[in-house]
1. Can you pull the one-decimal nm distance between simple spin-label points at Lys8 and Lys109, each 7 Å off the Cα toward Cβ?
2. Can you list, bin by bin at 10 Å, the percent of alpha carbon pairs in the range 143-235, starting at 0?
3. Return the FRET efficiency for the residue pair Glu146, Arg187: r is the Cβ-Cβ distance, R0 is 22 Å, and the value is rounded to the nearest 0.05.
4. Give me the extension gain from Ala262 to Glu138: residue separation times 0.36 nm, minus the current Cα-Cα distance, reported in nm with one decimal.
5. Output the direction-averaged projected area (hull surface divided by four) of the convex hull of the alpha-carbon atoms of the range 71-143, in nm².
6. Could I have the simple spin-label model distance between Asp308 and Ala236, label points 7 Å from Cα toward Cβ, reported in nm to one decimal?
7. Just want to confirm a number: the relative contact order over the range 1-48, from Cα pairs under 8 angstrom separated by 6+ residues, in percent.
8. So how strong a dipole does the range 32-113 carry about its Cα centre when Lys and Arg Cβ are +1 and Asp and Glu Cβ are -1, to the nearest 20 debye?
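Just so you know, all these numbers are worked out from the coordinates, no wet-lab data involved. Note that this is a predicted model, so its numbers are computed, not measured. Don't worry about glycine lacking a Cβ; one is built from the backbone with ideal geometry, like all the others, and counts go over all protein chains shown.
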Amino acid sequence: MKYKKYFKGAINVSEIGFGAWQLGQNSGWKSMTEAEAINLVHASLDFGVNFFDTAPNYGHGSGEERLGKALKGTDRSNIVINTKFGHTHTGTLNFDSTYIRTSLEGSLKRLQVDYVDSLIIHNPPSTYLDGNQNDHFEILEKLIEEGKIKAYGASLDTYDDMKLLMDTTNSKVMEVFFNIFHQDSLRGFDEARQKEVGIIVKIPLDSGWLTGKYDAESRFDDIRSRWSKDDIETRAKLVNQLRSVVGQGEDLAQIALSFCLAYEAVSTVIPGSVNIEQLTNNVKSSDRVISKDLVKKLENLYQSEIKDLKLPW
């Protein structure tokens, strides 16, 4: 495992992090038992993973609870935990600044820790990212002073939102939507690096498409049922185009993760592993470095064939 800078004052984080959405009961993804969840976290630790991304709404709080149980007894100083605020453990949305402390206290209790390394606003409407218009960031600064968090930021999807957050707040963490098929946020990477803002890449495998295991006939009955037949056919064509660029025999998932990690600004990527086999394959991406030439080809593929499609998440 390789490790990269997160934010100033934080320990370096594993470049393959652990996206913990799938750990919870009825998470909207894959259902697993508590024992399976704990075993998956323990396996990730054995691989050298030290970055864990979670949220109160993952499994209605059970995701944080299971992660806390799995990490209990580990050296807390060597573990980095990122959790969120805004999507509550009851399944509702509450972005009100007065709820930040309540949300955090609930997360700390479920995780069985005294602090989290970072607390981020969980995909809020853009208006909440403006530090000149909201008192959220004053409250987050107070939580740093109290030692309950070390840094704060937001989970967001676009370059415009990245720029708004960086230009109006002292945020040191951003969780951004970035992968081979969605590269808009790349425009904010240089500014993030200059301001020493750590970047967590979410959805690096485009909800499974960049593993190469789906095609035009694939259908979904989980959260991915949001895609229309046309959406599926469009993505299937793009996967075929991608294979023509990278080579038919290549492991697309590893290339997709390595593509994200090719950028200095990226601290960690958080693919969601639902079993040991997926976890193992994801971790192997840390040993793979793709060439600058291939990175450029994948950037060109996005600019010429994908950008104007405005693919839905």
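1. Distance between the two pseudo-spin positions: 3.6 nm.
2. P(r) over the range 143-235, rounded to whole percents: 15, 38, 25, 18, 5, 0.
3. 0.05
4. Gain in length upon complete extension: 41.2 nm.
5. Orientation-averaged projected area of the Cα hull: 5.3 nm².
6. Spacing of the two 7 Å Cα→Cβ label points: 2.4 nm.
7. Answer for the range 1-48 is 26 percent.
8. It works out to roughly 200 debye.
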